[in-house]
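*Asks:* Below are the structure tokens for one structure; questions will follow.
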Amino acid sequence: MAISPSGSIHYYWRMPDGVTIRNDAGTKLGPGIDIRGVGGMVIAPPSRRADGVYRWLNELPVANAPHWLLAAVVERQPPVVRRKSTEGGTDRGFIELLLTTIDPDASYTRWFAIGCALFSALGDEIGEEVWDQWSSNGRKYKPREIARKWRGTIEHRNHSLLR
């Protein structure tokens, strides 16, 4: 931690590997709280300016950022939705073979989780098709429910990730 000549406190945290934190001036964490990340710059001790000196408030090593802070400032990438082709991706045939070992009349939670996994592995159109084919082998199968759940899940997922 450091203090500026005006008395504002500056907290320094390690940026974790594999994340993107962008600069922000008071919108992500609140008015008067700035974030400096990729491409950002700060004035740090022992810098001087006309009204005083920046100085350290402690001699501790720079710590890892708390999880709540990272959740608020890490830039999330929108999902990559693969269409039609799974070139270089997961093999549809292998997934369909694996699905033969899972009862399509599983609990709703498990059935829904499998649909989400198919979306992640195969993309929008193919994932929905595979989910529908697998589900149709069960006694609980409702053809229109697949399409309704699929569209609702994609819209919810995209909205959540873009917030």
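Any read-out appearing in this document is the output of simple, stated calculations on the displayed coordinates, not a laboratory observation. Quick caveat: nothing in here was measured; it's all calculated off a predicted structure. Counting neighbours? That spans all protein chains shown, and the Cβs are built from the backbone with ideal geometry, glycine included.
*Asks:* Ignoring solvent entirely, what values of log10 I(q)/I(0) come out of the Debye formula for the stretch 1-75 at 0.16, 0.25 Å⁻¹ when each Cα is a single scatterer?
*Replies:* The calculated log intensity ratios at q = 0.16, 0.25 Å⁻¹ are -0.64, -1.31.
*Asks:* Which of the three applies to the stretch 116-155, rounded, prolate or oblate, going by the alpha-carbon gyration tensor with a ≥ b ≥ c and a/c under 1.5 meaning rounded?
*Replies:* Oblate.
*Asks:* Sorted by mean Cβ packing within 10 Å, highest first, what order do the peptides 59-70, 123-134, 19-30 take?
*Replies:* Packing order, densest peptide first, comes out as 123-134, 19-30, 59-70.
*Asks:* For the stretch 1-82, calculate the relative contact order in percent as a whole number, restricting contacts to Cα pairs under 8 Å that are 6 or more residues apart. Intermediate values should be presented prior to the final figure.
*Replies:* Numbers: 111 pairs, mean separation 29.7, N = 82.
Computed over the stretch 1-82, the figure is 36 percent.
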